[in-house]
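What follows is a single structure, written as structure tokens, with notes after it.
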Amino acid sequence: MFWKYFLFETKLLLHNRKNALLGIIIMLFFPLFYNYYSGTQPETLIDQKRTEGERMYSILNQLPDNLEGTPEGEEVYQHITKQASLVNMQVYYLSEKGEMDEEYIRDGLLLNELRMRVHELGNIGIPENLITPIDEILSEDARLRYIEEHDLTIMTDPFASSNYLVVAFQTLSGILFFLFVLLYASEIVVYERLHHSVMNGFPLAFMKRIHSKVILYFIHLFMFLVIGIVLGGYFAYKDSGSFGDFSYPILIMNNGEYTFISTMTYIGISVLMLAIITVLVLYLSVFMNLLFKNAYTNILVGLGLFILPDILSAVGLEISLLNPIKYLDYSKVLSGVFAKDWENALVDYGHAIFWLFIVTGLIISVIYIKNKWPYVQKKKNLFVKRGME
Amino acid sequence: MLTLKNISVKFKDKVVLDDLSFQAEKGEIIGVAAPNGTGKTTLFNVMANYLKPNAGEVIIDDNYTYKSEKQEIKIRKRLTTFPDQDDLFDELSGIDHLKLYGNMWKGTTKHIPQIVGKLNMGNYVKNKVRTYSLGMRQRLCFAMMAAADSSIMLMDEVMNGLDINNVSLISEYLIEMKKEQKLIFIASHLLENLDLYADRVIFLSEGKIIHEQRFGRGNDDYIKISLDPHQYNRLINEYVIPDNHLYIASHLFCLPLKGMKQAEQMKWVEQLLGLKEKELSIGPLGTVEYYEKHYH
């Protein structure tokens, strides 16, 4: 029965032009976004190193004249001078386009070592705004060691498939994807009102019908999404001439510290997060459809929920219970932005997944109770009536 | 098979069903006659649990009520309601709808070609519903009920938009369903048509069943003739008319034959035939006559 109902719902969904159009839009997001992205000029590693070099000169220029008067000051001065030299050498190695990666890593590791030593010496004489933060030094160190360990190339083409897909997933994360799923599922239950005398009396449990809709909408949406990812990757490959390196490290926050994972793992986690968010938003849409019985309200209330933590935060109300809503912007969870903002090292993707599951479970429970409630009321009334008799 | 126990439905101060009780058995077709707004659809909605009554309960097969979802599903397996033709899916074909109902209730679609054949739908059933006329849609709705083949069927306005041929086709189908021991409730404005297949017709007014007409169970015969009020007044002035006569809706004069001797019956026939150009008939009162009696 469930399977046959599922097949009927499939037929309806396949005839639904709105959902087909939205499916095509999400599918085209990846190739179209590439079109935009390839017209931008993302900052390359060599640009970053040049900026870093300028920063080193700026430090040197601003060091006090009497710095060398103490042994610590003398050591700091020597290290800063050495660091400036190492950064310039790194720029040179990068200009050799992969021929001198080993040297780049060697100097990079030394550079980080010196920076840590300068920290130990208390950054004497270095202007506050020019001090390289410790977590930045540690993450760069880890990145270089990861590249060395996995024998990877330093310079990567930002337009190659692997790099482009990471940027595309980061762009899709948050309100864009949330709004998309809201639109997609805005009539997930409410359309039945237009066909209620056909659909109302099926001999199938309410929750089974709801689960079948969610499963179906999920498969339909993800089919378009996966095709879109493949298309986007292919477009990037055709344009840049390279698939890039899917084992290249990407920094994420995990278990309270910054760690590196491969691009492929990052994409895998992104897809997993999108899947979990899709399921959550589908059940949320079911609930709002049942509650408001209107597709537009579904979208408006959904958006309201999404921005609720920011609105409350703007008026000085920080409610940590609402944090799971923010996890819908998973790229900020992965990058550690939330962990840093909330000063909570526990906030990583595992933590976000756990909470997104909890919220989904809560929504399913509320839907279940909402359906069961009339029966409970009926039994209660019957009990009262019999008591009176 | 289906029992309504003290059902009451109120919308604000308006009582639509008032402590209504009723019992129906399998193999029965029960007509529900009442003007618009007197609770026919409400009664059907309560039976299908689309509307929760303020009081009372619906009991199916002496066992099942709508008190839990589990029991409701058991009832749903036994009960179907007539779809509204506006609720059909325009972008799907008739056969898609039939397969849906066949699959959901019978778990098969093997019987569908036979239904399509019986209801002469073969020439259009594979087209999209948006191309159907009102009559075609109505036939499809009926075919969906047939495809579901449940033991209880609630059919509200089943004959809407059908031409004479199709009314006849569906009437025959209903009689066949009755033979298969289905319990069918029919609300229809084609009152004469109900006489063809209904075992009884209930008349609703002010939330209660005010009359239940049973067919084929020794109903009393009447001499029936249409008279305008002027003719009726002349008749009662000229003759001594039995007190139990009826003058329905100011146009139908009905004289009960029960208790009349044959000679007296003949005398009345002759006297009434004297009113030229009027058609006289003898027989029990039909649904139309009772309807007019109760609502006009």
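The values are calculated or read from the model by the stated rules, or taken from the named source; none is laboratory data. None of these values were measured; they are calculated from a predicted model. So basically every Cβ, Gly included, is an ideal-geometry build from the backbone, and we count neighbours across all protein chains shown.
General observations
- Only one of B:Gly102, B:Gly94, B:Gly107 that is touching a Ser or Thr at 6+ places or on another chain (Cβ under 6 Å) and either more than 7 Å from chain A (Cβ to nearest Cβ) or surrounded by fewer than 17 Cβ atoms within 10 Å (Cβ to Cβ) (or both): B:Gly102
- Filter result for B:Tyr124 (surrounded by 16 or more Cβ atoms within 10 Å (Cβ to Cβ), under 20 Å from A:Lys11 (Cα atoms) and more than 14 Å from chain A (Cβ to nearest Cβ)): yes
- Listed by position, the helices (runs of 4 or more DSSP H) enclosed by region A:1-81 that each have at least 2 residues that are within 14 Å of chain B (Cβ to nearest Cβ) are A:2-14, A:17-37.
- Leading residue by the ranking (surrounded by the most Cβ atoms within 10 Å (Cβ to Cβ)) among those in region A:236-266 that are assigned to a helix (DSSP H, G or I) and modelled with pLDDT of 90 or more: A:Ala236
- Any hit, region A:220-234, residues being more than 14 Å from every other protein chain (Cβ to nearest Cβ), within 30 Å of B:Glu69 (Cβ to Cβ) and either within 19 Å of the chain's Cα centre (by Cα) or polar (S, T, N, Q) (or both): yes
- Any hit, region A:131-138, residues being farther than 21 Å from A:Ile250 by Cβ and either in the same structural domain as A:Asp65 (by TED's automatic domain parsing) or surrounded by fewer than 19 Cβ atoms within 10 Å (Cβ to Cβ) (or both): yes
- Of all residue pairs spaced 6 or more apart or on separate chains, those with beta-carbon atoms under 7 Å, a first member in region A:175-202 that is more than 7 Å from chain B (Cβ to nearest Cβ) and a second member that is outside any helix (DSSP H, G or I) are A:Phe178/A:Leu328; A:Val190/A:Lys293; A:Val190/A:Asn294; A:Arg193/A:Lys293.
- When region B:221-245 is filtered for residues that are closer than 17 Å to B:Lys267 by Cβ and among the acidic types (Asp, Glu), the ones remaining, listed by number, are B:Asp221, B:Glu238.
- Against the numbered list (1) in contact (Cβ under 8 Å) with a residue 60 or more places away in the chain; (2) under 35 Å from the mean Cα position of the chain (by Cα), A:Arg106 comes up short only at (1).
- For region B:46-69, filtered to residues that are hydroxyl-bearing (Ser, Thr, Tyr), within 11 Å of another protein chain (Cβ to nearest Cβ) and surrounded by 17 or more Cβ atoms within 10 Å (Cβ to Cβ), the residue that is farthest from B:Gln23 (Cα to Cα) is B:Tyr66.
- Selection count where residues are part of a helix (DSSP H, G or I) and either crowded, with 17+ Cβ neighbours inside 10 Å or touching a strand residue (DSSP E or B) at 6+ places or on another chain (Cβ under 9 Å) (or both), scope region B:172-192: 6
- Residue match in region A:293-303 (condition: farther than 15 Å from A:Ile363 by Cβ, surrounded by fewer than 16 Cβ atoms within 10 Å (Cβ to Cβ), of a type in the set (A, V, I, L, M, F, W, C) and without any contact (Cβ under 8 Å) to a residue 12 or more places away in the chain): yes
- Scanning region B:1-34 for residues that are in a strand (DSSP E or B) and surrounded by fewer than 20 Cβ atoms within 10 Å (Cβ to Cβ) yields a count of 13.
- Residue among B:Arg139, B:Arg76 that is buried (at least 16 other Cβ atoms within 10 Å of the Cβ) and either farther than 25 Å from B:Met1 by Cβ or outside the structural domain of B:Ile29 (by TED's automatic domain parsing) (or both): B:Arg139
- The requirement of being among the hydrophobic types (A, V, I, L, M, F, W, C), surrounded by fewer than 18 Cβ atoms within 10 Å (Cβ to Cβ) and touching a residue at least 60 places away in the same chain (Cβ under 8 Å) is not satisfied by A:Ile269.
- Exclusive hit being within 22 Å of B:Glu192 (Cα to Cα), part of a loop (DSSP other than H, G, I, E, B), under 35 Å from the mean Cα position of the chain (by Cα) and of a type in the set (S, T, N, Q), set B:Ser250, B:Ser281: B:Ser250
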